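Data block below; observations after.
The values are calculated or read from the model by the stated rules, or taken from the named source; none is laboratory data. Quick caveat: nothing in here was measured; it's all calculated off a predicted structure. Positions of Cβ are generated from backbone atoms using ideal geometry, with glycine treated the same way; all protein chains shown enter the neighbour counts. Surface accessibility is based on the protein's heavy atoms, side chains included, excluding ligands, DNA and RNA. Shrake-Rupley method; radii C 1.70, N 1.55, O 1.52, S 1.80 Å.
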Amino acid sequence: SKSYLNPTPQNTVQQNDSIYTDPAGAAKFLAACYTNLLQWNESSFSWLGLTSITSDDADKGSDPGDLGGDKDQMDALTYSATTGSVAEGWTGNYNGVSNCNQAILNIGLYTQLDAGLKNRYIAEAKFLRAYYYFNLVRMFGDVPLIDTVLNSENPDDVTKAATRVPEADIYAFIEKDLKEAMSVLPTNDNQAAADVGHATKGAAAGLLAKVSLYEKNYQQAYDLSSGIMQGSYGTYGLVDDYSTIWREIGENSKESLFEVQSKIGVPDAAVQQYTAVQGIRAGSFKRITEAGTVSVSAYSGWGFNVPSQDLDNAYEAGDKRKKATIIHIGDTLFDGVILVSAANPRYNYKAYVSVFDESYDGDGDNTNKNIRLLRMGDIVLINAEAANELGNTATAVSSLNLIRHRAGLGNTTASGQQGLRTAIWKERRVELAMECDRFFDLIRTGQAATVFSALGKTFTTGKNEHFPVPQVEIDATEGVTTQNPGY
Amino acid sequence: RLKTTILIIVGFMAFPSFMMAQQIYTGQVKDSLTGAPIQSASVTLLSSGKGAISDSAGQFSIQASPGEKLSVSSIGYVGTTVTLASNTNLSIVLHSAAGTLDEVVIIGYGSARRSQVVGSVAQVDGKDIAARPVLSAAQGIQGKVPGVQITASGAPGSQPEVRVRGVGSVLGDANPIFVVDGVITSDITNINNNDIASVQVLKDASAQAIYGSRAGNGVVIITTKSGKSGKMQIHLNTYTGFKTPTSTVKMADARTYAAFTNAARAYDNVDPAFDLDTLSATTNWFDEVTHKGIIQNYDLNISGGSEKVTYYFGGSVFKDQGIIPGEDYTRAAFRINNTYQLAPFLKLGNNLNVSVYNMNNKPTEFDDAYRMAPTVPVRFDDGSYGYTSLLSVANPVAKLDLTHDKGDQLRLQGNVFAELKPVNGLTLRSSYNFDYHNNNQKVYTPVYFIWSGQKNDISSLSQSNNNSFYYIIDNNATYNKTFGLHEINATLGYSSEKNRDKSWSGSIQNVPADPNLWYLDQGDNNADVGSSGAILTRASAYSRLIYTYDRRYIFNGSLRRDGSSSFPTDNQYGTFYSIGGAWVISEEKFMKNQTLFNSLKLRAGYGKVGNDITISNLRILNEISLQSKYYGFGGSNTAAQQAWTFDQIKDAAVSWETTKGTDLGLEFALLKNKLSGDISYYNKLTHAYIPVTVPTTFGDQDKIVYSQAADVRNKGVEFELNWQDHTSKDFSYHLGFNMTFNTNVVDHVDGTLQLKGGSLGNGEIVTYTVPGQPIGSFWVYQTDGIYKSQDEIDNSAHIQGAQPGDFRYVDQNGDDLINDKDRIFAGSYQPKFYYGINGGFAFKGLDFSFDLYGNAGNKIYNGKKAVRFGNDEIEAARVDDMWSTDNPNGTQPRASNAIPKPSTYYVESGNFLRVNNVTLGYTFSNTQKWHIQSLRVFASAENPLIWKKYSGYTPELPGNALSSGIELSIYPVTATYMFGVNVGF
C-alpha cells in the first residue's frame, strides 16, 4: 500500500510548513552562515595555504617531506587548476554563500518571528555573504554571482551557476550587502552579552572600509575608518598590549570588529584544526615551576605556515610585535613554556594555545582559538592609507603613529605621499603579520612581482593576481565556467 | 539437500497379481558404481506413506503387500520406485544424481529438475564448503563456480567480496544478495558452514528474476540442513591450526635505508639524517606486527526424526586469531531446523539460528609497518616506544598495543512456515522470515605520549550500539501438475518486507584506564551523544511459470513488480521480468541410440533485474541538513547554537538501478556421466548510479548528486568441465576445471562527468572511469626511462623540479607540458579471466583433494610503494641498479624524497594462481568396536602457496569498484595449516 511504502523518515527534518512555525528554526538557518566559518576549507588549512603560505610572511614549514597535500605548491606559487587548496577555497566560500542565500530565503518565511529580529538575522546573513564574496573576488577575480537559492532543474539558474560576472559587479554586490547590513545591525554597545559573536554595525562598517581600499575608493575607506575610530559605529579602540590580541584574554575585546568564535567542549563548535596545522612540530618543552625547570608537554601540532626569515627580518629593532608574532627556539612563552627544540626554527605565536593558562580540554584539533578576522589595527592603518591617498598627510601620520606607539616604536620618519605610502604598507605587514592579509595586500598594492622576485619566486603579472578557477568546477559545468588567464 | 529422484530397480519383474496379505520385505540399498551401502535412504510405501530408513549397512525392512509401490530415495541420488512382488528380499541400486539433468536445483521460491532450469544456476554441496577453514560460505565457494569471483582479505570476521559475472554497480555494495532459508541478507558470517546443505548461485537474469528487484548483482541461495526421519545421527567435527602470512615483501635493512635516505636528502640540499657508522640493528616491522594466529572450530550436530517430525540441532564455536597480535574473532552459532507434519495436507516448520560473536579489533598496521624506518627500535633501551621525527609514521607496535576496540554481536535469524496442500499439485506456503542484529562497539583511547607526532593528551571512550530488525512476510502458491506430456509448474506470491535500524553512540573524555571503568558514566564533563534510525520497506508481487513439454522443451517466464521506500513516491515501483527456454536434446528420439551423451541441453534467457540498495535515503528530496558544527555565540557562558540549512541536492528522477542481460548455455554429460560440463555466454548492461559532480555554486555541500548516469556492460564466456570416475571399488578420482572470461566496459557516461577516484591519500588520484574503458581504470603517466642529464631534462617536456635520475614521463599530446592531459589508461583491476582447478582421489580409507584459484589479465596499483612523504622505508629491491652519478646507466630512479607521480612504474600485473586448499584425510574402517559409526582424521593447508607477479603482499584486494586494485594497507590473505577430526555416532 502507499503508506506502507512511505514510512515517516527517521531522524530527518523534511521541508514543509511546520518547520516555519517555531522561530527557533530561523536562528538555526542563520547559524549555518556562521558555522561555515569553522570549516577547514573556509578558515583553516586551505585558507592558510591560499593567503599565508603563498605570501612572503610564511613558509610551508613542517617536515620537508610533508607537503600538507599541496602546500609546497602554494609556497612556490606553482599551483594549478587541480591543486586541492585552490578548489577548497572556492568550495568553502561558495558553501558560505549558499548557506547565506538559504538563510535569507528561509528566515523570511518565519511569520511568527519578531520583525526586528528577522531584519537583524537577514542583515547578518548579508554581512557574511559579503565576507564570502570578498574572499572569492580577491582569490578568483570574476566569479559567478549567486544571490538567490538556485534550482538545479531551472536552465536559467544552471547558466547563472556557471557564468562568471566581472569583478566590479561582485564588488558592487558586496557594497550593497554591507550597506544594507550597516543600516540594520546594532552596534556592539547595544549587543547583549549572549549575542557576542553576531555581526555588528561596526563589523559591517569595518569590512566595507577594507573593501573600499581594494576598490581604491579612498574617500569611503577614510570616512568609514574615521567613523569607527571616533565611535560612530560602536565602541572600539586599540588594546594596550599587542601580545594579548590573539590570546584567550584578548577574545572579543574592543580591538575586535569581527572574529570567528571557536568554542571547546560538547557540542563541537570549534574551528577545525586551525591551531593543529600551525602547532609546533616535534617540539620538546620545559617549564619553570616551583619544583624547578621540568620537561613538559605543551601544545604541539603539524608545524605548517611558519613565519619566514624574511618576516623575522622585517621588524624594526624594539618592535614588541616581533616576539608576539613569532616563536623562536629557546623562547619563553607567556605561560612559562620554554621551547627547547623543534622541527622548524619559527612558529606562529598567534596560533599558539596554552595548555596551562588557557582553556584546553586535550582535544588538539578543536581548540579555544578565535580567529580575528577584522580588528582595529587594520582599521587604523586603513585610515592612514586612505588619508595619505587623499592627501591628508597629517591624519595619515597620526594614525600610523598610533600603531607604532603601541608597538613600542617612535614616530614614523617617513614623509611625502610616496614615502608614507611605503611606510604604511610596511607597517601593515608587521602589524597584521600571520593574519592572512599579506598576500592579498601585495597584489592590491602592486608590490607582488617585485617582492616575490627578490625571494626567487615567480609571480607572473597578468596571471598570479588571481588563483586559477578549480578545474573540477569547470568540468562540472561542462566548460561553461571559464579559466583565468595564464592557467 | 534436495537432490533426488529417479528410479532404478532391479530384482524381479512385477507380475500380474492380486492383493495379497501383508508380509515383511527386507532389502539393501547400494551405490550403483561403488556398490557401497547407502545409509539413511528413505524407503516409503506410496499407498500409505509408511516408511523406513536404511541403516549403516544399507539394510531396511518394511511391512507391505505385493503390488504396492515402494519409493526409495536418498540425498544425492536419483530416486527409484519399485513395484513389490513376491520376492521379499530386495536389492536396490541408486545412481548418483550429481550433475545430471534430474538433479533437483533450488531456484528461488521453489525447486526444479536441472533439465527445467533455463537460466544459469551453479550449485555447490555443503560438504565442499565445510571442508575449508573459513568463516563464511562465500569464501568456501571460491574457485568452484565459474562466473563468480571471490576476493577475500585475511581479516578475522570479514566476509569476502563476491562478484557475479563482473561488477555492475559502480557505487556502494556490488555484492549479490544472500537468501538464507528465505531470509534475504547481505551478511552470512552468522552461518556455521557445517549447517549448510547447499549453496546455489543464480547468475543470470532468467534465473534471478524471481528475486528481480534485489537481484541486480546476483543471488546466492543458501539452504541449511534438515533432519530426516530415521535413526538419530550425531556428527562431531573439529579442526585446529595456525595462520601465517602467505607472502611478504622484502624491505631494506637499516644500512641500505639510511644510505638511501641520506642520498635523497643530499639531492634536496638537506643534511644527512644518519651516520652510517652508528646504526643499530634493523627492525623488521612487518614481523613485529604479525604473529602466528590460531584458528579453531568445534561443531556438533544431531539430526533425525520420525514420519511426523524431523529435527536438526547444530552447535558450533569458531575462533580465529588472525595474524595481528591482539586481534581475535570468536563466534558461537546454534541452529534448530524442525518440521512437523500435522496432517497429510499440513506441515509446519522452523529454521532458527542464533549466533553470537565477540571480537577484538586491531588496526591494519601494514602501511605503517611498510613505511616505518628500520633504524627505529620497537622500544628504546629505556623501555619507551621507538620513534623518529623524520617520518610522520606512528610506531606500529605502539599503535596495536594502544588500540582497545571491542565489538560484539547477537544475531537471531530464521523463519517459521506453514505449508498447506489442499488439492493434489497445489501447495500454499506462508512464511515469516526475520533477522535481528544487535551490535555493540567500545573503543578506548588511553593517554600516551610517544612523541609529538604520536600522542594523545586525554583519554577518551566511545561506545555505540546498532540494532536492526528485518522481516519478510511471504505468501505464495505453487501448482505442479503433469497432464500427459505437458508439465506445469506455476508460482504466484506476494511479500512485504521491512527493515528498522536504530543506533546510538556516545563519547566522553577522561575515562580511567581500568577496563572495568570503560563506561560513559566514568568520564568527566558531558558525553557527546547521538542516535539515529532508518526504516526501509518493500512490497512485491512475483510470479513464474515453467512449462515443460515431453521433458524436451521448456519455457520459463517470470514477472515481478516491486515497490521500495528508497525512492520518491512517484518512482517507487519497478517491473522486472525474464523469459527463457531450454531444449533437452538428449531426450530427443534421435539421441536414443547414441551412447556418447548422457545428457545434452541448450538454454537461452533474457531478463531485467534491479537493485535499490546502492544509495540509501534517496527518497526525501527536500531534507534539512543538520550541520555537524554548532556556533559559540556569547562565549563560554552561553550554550552553543545548533545550525541547519539545505545543502544537498537530490535527483528527483531516481528509481531502481536496473540490469538487463542475456544468457546462452550448453550443458552436457557424456561417457557414462564421467565427463560433465557447461559452457555459457552472457551479456548484461547495468544502468548504474554514479556520483555526478555539480558546480559548488548550485549549493550542494559536497558537490555530489547521485544519479543514474552510466551504463556498465559485463559480457563474457564461462565454462566448467568435470571428470569423475571409479576405476574400482577402492579407487575413485575427480578433476574439475572452470574458467570465466569477462570484459567489463563502461558503455556510456552522461555528459563530461568526472569519475575520478583511487585517492592515494597524498593528493594524487590514480583511477578514472570513462566510456570505453573498464570501471576504475588506472590513469597514470607513462614512464619511458630515466633522465641521464640536465640537458636531457631541459630539452624535453618535464615536470617541475625534475633532476637527472628522475623518471621521464611521456608527453603524449606533444604540447611540451607534462600534465593530466598526458595520462594514459594502464589497465584496471577487473580481470580478463579467472579460473578454478580442483581434484582429488579416494583410495580405500584415504582421501586427497586440492583446490586452486587464479586470475589473470588485471593490473594492480602498488599504492603503498607510490605513497612516500619523505624519509620512508624502501623495499630492498629499490636500490638495485639505482641511478646515481656513479651509476649513470641505472635503470631505477635516483634516491628521492619527492612525492612520486602516479605512473606506469607502479602499475603491476595482477596475475596469480593460488592453492586454495590441499587436504589429506583417512577414514578408519571397523570403528564399531569403538562404538562409533565413522571416524575420519585429516590434515589440511589453506592458501599455502601463491604464484604471483605482483611484488606486494597480496594481489587480492577487495574494494569499491571505482578505485579497486590499489594496495595501500591490505590485510593479506593468510595461510592456514590445520588438523581435524570428523566423528559420526
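Summing both sides, how much accessible area is buried between B and A? Use a 1.4 Å probe and give Å² to the nearest 100.
Its buried surface, counting both partners, is about 6500 Å².
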At 1.4 Å probe size, put A:HIS466, B:HIS235 in order of accessible surface, largest to smallest. B:HIS235, A:HIS466
Rounded to whole angstrom, the alpha-carbon centroid of the range B:620-665 lies from that of the range B:731-796 at a distance of 32
Using alpha carbon centroids, what distance separates the range A:126-174 and the range B:114-168, in Å? 54
Which order do B:PHE633, B:PHE741 take when ranked by solvent-accessible area (1.4 Å probe, heavy atoms of all protein chains), largest first? B:PHE741, B:PHE633
Just to confirm my numbers, what's the Cα centroid distance between the range A:460-474 and the range B:840-866 in Å? 52
10 Å-binned pair-distance histogram of the range B:831-985 (Cα, whole percent): 9, 26, 23, 18, 12, 7, 4, 1
Could you please report the charge total around A:ILE122, scoring K, R as +1 and D, E as -1 over all other residues with beta-carbon less than 12 angstrom from its beta-carbon? +1
If the viscosity is 0.890 mPa s and the temperature 25 °C, what Stokes-Einstein diffusion coefficient in µm²/s follows for the protein assembly as shown when Rh is the Kirkwood radius over Cα pairs? 68
So how exposed is A:GLU167, as accessible area in Å² (1.4 Å probe, rounded to 10)? 60
Divide the volume of the convex hull of the Cα atoms of chain A by its number of residues and quote the answer in cubic angstrom per residue. 171
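Using per-residue counts of other Cβ atoms within 10 Å, averaged over each peptide, order B:725-732, B:681-688 from highest down.
B:681-688, B:725-732
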Give the accessible area for B:PHE924 in Å² (nearest 10); use a 1.4 Å probe, count only protein heavy atoms, and leave out ligands, DNA and RNA. 70
According to the Cα gyration tensor, what semi-axes, each the square root of 5 times an eigenvalue, does the equivalent ellipsoid of chain B have, listed from largest to smallest in whole Å? 55, 32, 31
Over all residues in B:644-652, what is the mean tally of Cβ atoms on other chains that come within 10 Å of each residue's Cβ? 6
Over all residues in B:450-459, what is the mean tally of Cβ atoms on other chains that come within 10 Å of each residue's Cβ? 5
Lys and Arg at +1, Asp and Glu at -1: add these up for the other residues within a Cβ distance under 13 Å of B:GLU720 and post the number. -1
Suppose each label sits 7 Å from its Cα in the direction of the beta carbon; what would the B:LEU426-B:ASP791 distance come out to in nanometres? 9.5
Going 7 Å from the Cα of B:VAL378 along its beta-carbon direction, which residues of the range B:316-331 have the amide nitrogen within less than 18 Å of the resulting point? B:322-328
Net charge near B:GLU875: determine it from the other residues with C-beta under 10 Å of the C-beta of B:GLU875, scoring Lys and Arg +1 and Asp and Glu -1. +2
Summing -39500 (n - 2.57) over every DSSP H run of at least 4 in the protein assembly as shown, dividing by its residue total and rounding to the nearest 500, the 222 nm mean residue ellipticity is -5000 deg cm²/dmol
How large a share of the accessible area of chain B, in percent, is made up of carbon and sulfur atoms when the probe is 1.4 Å and the other protein chains stay in place? 56
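So, for the protein assembly as shown, what is the accessible surface per residue at a probe of 1.4 Å, expressed in square angstrom?
That works out to 37 Å² per residue.
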Packing-ranked peptide list from B:540-551, B:929-940, B:120-131, highest mean Cβ count within 10 angstrom first, is B:120-131, B:540-551, B:929-940
Counting pairs of alpha carbon atoms under 8 Å apart in space and at least six apart in sequence, what relative contact order in percent does the range B:102-220 give? 32
Among A:72-83, B:860-871, the order from most to least packed when residues are scored by Cβ within 10 Å on average: B:860-871, A:72-83
Work out from phi, with θ = phi - 60° and the Karplus expression 6.51 cos²θ - 1.76 cosθ + 1.60, the ³J(HN,Hα) of each residue of the range B:400-413, listed in order in whole Hz, and give x for Gly and Pro. 5, 4, 8, 8, 10, 9, 10, x, 8, 9, 10, 9, 10, 9
Of the cross-linked pairs B:LYS30/B:LYS308; A:LYS210/A:LYS350; B:LYS650/B:LYS703; B:LYS319/B:LYS362, which ones have a Cα-Cα span greater than 20 Å in the structure shown? B:LYS30/B:LYS308; A:LYS210/A:LYS350
For the full complex of protein chains and a 1.4 angstrom probe, list B:GLU327, A:GLU88, A:GLU290 by accessible area with the highest value first. A:GLU290, A:GLU88, B:GLU327
Give the average, rounded to an integer, of partner chain Cβ atoms located within 10 angstrom of each Cβ in A:189-201. 3
With every protein chain in place, what's the accessible area of B:SER566 (1.4 Å probe, Å², nearest 10)? 10
From Cα pairs below 8 angstrom and at least 6 apart in sequence, can you work out the relative contact order of chain A, rounded to a whole percent? 18
